[in-house]
Amino acid sequence: MITNLLLQLCRASLFKARYFLLITAKNVCAVALLLAAFVHPVAYAQQALQPIVLDAHTKRLNIDGASRYWVDDSGTASAEEVDARQRSVGIFKPRAGAERQNLNGKALWIRFDARIAAPNSHWFLELAQSSADDVSLHWRDANSQWVALHAGDIVPRTQWPVLDRFPMFQLGQERLASSVYYLRIAHARVPFSGPLHIYRDSELVAQREVDHFFLGAYFGLIILVSLVCLALARAMRDKSFLHYVLYVALIGIAQACFTGIAAQYVWPQATTWSDLSNFFFTSLAAAAFLWFVRSVIKPGVYSPTLDVCTLLLIAAQVVVTFVDLAFPSAIGFQINNAITMVMVLTVYTIVWHAWRHGDATARWLALGFLPVVLGIVPALLRNVGLVNTGFWTQYGALVGSAIEMPILLYALVLRSALRSEGRARAAGLPTQDPLTGLSNMRNLLRHIHGTMTRASRYRQQYSLVLVELTNHAWFTKEHGREMADRALVILATRLQLIARDVDTAGRIDENHFVLLIEGPCKPGYVAKVAAQIVASAHRPSDLLPVGASIKLRVTCALMPDPKALELGDDANAQLGWLVHSSESLEADPRKLVRTLNF
């Protein structure tokens, strides 16, 4: 009896367990069917590829948002395998735009459907990134056979389907009404985010004409600036122009590599060099830029530590560049990128030191460096994956350097002129007055002695004109020493403009000048020159205080004076006689020009 009871309990338990399992299975199926009802339409909607219609109204079209993508982690899948996986499980995802992808050892597949509604036109797919390593376009022809076209740095430019700066492919070559295309992209070291465009043939020709015009103007500007700097380096004997030529030449070559011009026209067969030259010349241009800044500003004058750091940065950039050339790697590229960022900060640190210490050209140098620094920043941000590839990442440095070149050339010319003026002043100290630039007393006496000798030989007269700045003390008292010196410089400049090439103007003391007029001289001519000197003093000047003017007293004498024959050929005695005679004349404020012996 107990046994029968146990058997009944077991049967009841088994029945309940089977019922529970059956109910659970039904619930799971129901949930699965419910999820499938929602998930499958969504997944299907994601896999549905909206066709890109190329009709008569289409000229240029960005297809980033109308395409799908999938990343092949192995990097080995073929177009047939990718298409089969897409048909079976749907592996492609929608693209929001030119999304950044790190493709080291991987391959990016982009799928899109292009329907040609204008059969009489030709259409071209462009990947707007000249440095892409491996790019190939795949589709099925009318016989369902796979067709592949290849481009990128691993393929010689002469073997590209369309010879251009960027990877480009012609669509619809079999003239099919609709085709599903697969674009495969493999790219190392730099995150990939190149935009995709489809061009009508006429629009593509027009776009390339504009590109070639501006690129030709840019490289023409580089050649012109380089030739001008070479000429200025020879004329002004300033090595800074040679350093600038090196920098301009390297940045020009770097831009030729970066824009694809060099690979298209200079080395179309060199596949490895096309891939490496972009990074190589860009890094060398950055090192040359910092070297040029150091040669112009000379940071060692302000901070020896900063100068040593600058040299170490330049050396590190060059070493890393050549190591990366021999052993290309993602780590080497990122180190190079980091050094370039530090260089940008170092440049403005050097300029700030020069500006703070009163460098006259620091403002122009800072203004000139600003465009190229701002142009480099987008490319650096793209290299670390913070921004997508676009116009400013590809052409920012080009536009910045084009703006920079004339500004820096002007700054260099200004700097060289100031240095030349300083050297000329230093060389003229034995013969020139440091403040006014006129002859000093010693040089003036030498000229007077030579004039006396010639006058005695040819029996002719010459003239000495004494010019006194009578309100020099007033300028000093009312406006300070600086304004008084400014009045002296203005008077000296105007006196120099009145003097002929054969005449000599000199400063003999604090506020007295002498004009030596070579013979033969007539009284009328000497009086005319004296009147011109007085008239020039009354011309207003923006350099003087408002309402202030230069006041003069002019004394003229024809030499040698018959009444002062005892002076003989002593130039110093004649000059002293002129000053003494001028001081002994009766002061008359109404008479600004006085004569001693005519």
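The values are calculated or read from the model by the stated rules, or taken from the named source; none is laboratory data. All figures in this text were calculated on a predicted structure; none of them were measured in a lab. Please note: Cβ atoms are built from the backbone with ideal geometry, for glycine as well, and neighbour counts cover all protein chains shown. Note: accessible area is taken over every heavy atom of the protein model, side chains too, but ligands, DNA and RNA are not part of it. Shrake-Rupley method; radii C 1.70, N 1.55, O 1.52, S 1.80 Å.
Values for this structure:
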| quantity | calculated |
| --- | --- |
| Value in Å of the Kirkwood radius, where region 280-364 supplies the Cα pairs that are averaged | 13.3 Å |
| Amide hydrogen neighbours beyond the local backbone of ALA188, cut-off 5 Å, H modeled | ASP133 |
| Cα centroid separation, region 440-493 to region 315-338 (Å) | 65 Å |
| Anisotropy class of region 175-237 from Cα gyration tensor, a/c 1.5 cut | oblate |
| Region 360-413 - percent relative contact order, Cα under 8 Å, separation 6 or more | 49 percent |
| Percent RCO, i.e. relative contact order, over the chain, from Cα pairs under 8 Å lying at least 6 residues apart | 9 percent |
| Rg followed by Dmax, in Å, when region 221-332 is reduced to its Cα trace | 16.1, 49 |
| TYR395, TYR410, ranked by accessible area, largest first (probe 1.4 Å) | TYR410, TYR395 |
| Distance histogram for the chain (every C-alpha pair counted, 10 angstrom bins, percent rounded to whole numbers) | 3, 12, 16, 13, 11, 10, 9, 8, 7, 5, 3, 1, 1, 1, 1, 0, 0, 0 |
| Whole-number accessible area per residue in Å² for region 429-560, which is evaluated in the context of all protein chains at 1.4 Å | 50 Å² |
| Kirkwood hydrodynamic radius of region 434-576, Cα pairs, Å | 15.8 Å |
| List TRP273, TRP392, ordered by accessible area with a 1.4 Å probe, largest first | TRP392, TRP273 |
| Set LYS528/LYS591; LYS522/LYS551; LYS59/LYS106 screened for pairs whose C-alpha atoms are more than 24 Å apart | LYS522/LYS551; LYS59/LYS106 |
| Heavy atoms of LYS551 accessible to a 1.4 Å probe, total area in Å² rounded to 10 | 120 Å² |
| Gyration tensor (alpha-carbon) shape descriptor, region 72-180, a/c threshold 1.5 | oblate |
| Region 328-441 - Debye-derived log10 I(q)/I(0), Cα point model, q = 0.10, 0.22 Å⁻¹ | -0.47, -1.16 |
| Accessible area in the full protein assembly, largest first, 1.4 Å probe, for GLU583, GLU478, GLU126 | GLU583, GLU478, GLU126 |
| Span per principal axis, largest first, for the Cα atoms of region 501-586 (Å) | 48, 26, 25 |
| Rounded tilt (10° steps) of 571-584 against the dominant C-alpha axis of the chain | 80 degrees |
| Qualifying lysines (Cα of each under 29 Å from Cα of LYS239; at least 8 residues distant if same chain) | LYS298 |
| Local net charge near THR58, Cβ-Cβ under 15 Å (Lys/Arg +1, Asp/Glu -1) | -1 |
| Rounded to the nearest 10 Å², the accessible area of ARG115 at probe 1.4 Å | 110 Å² |
| Cα-based radius of gyration of region 134-211 once divided by 2.2 N^0.38 Å, which approximates compact folds | 1.19 |
| Share of alpha-carbon pairs per 5 Å distance bin for region 144-259, given as whole % | 2, 8, 13, 15, 15, 13, 9, 8, 6, 4, 3, 2, 1, 0, 0 |
| With every protein chain in place, the chain: carbon and sulfur % of accessible area (1.4 Å) | 63 percent |
| Distance in nm between pseudo-label sites at LYS239 and ARG481 (7 Å out along the Cβ direction from Cα) | 3.8 nm |
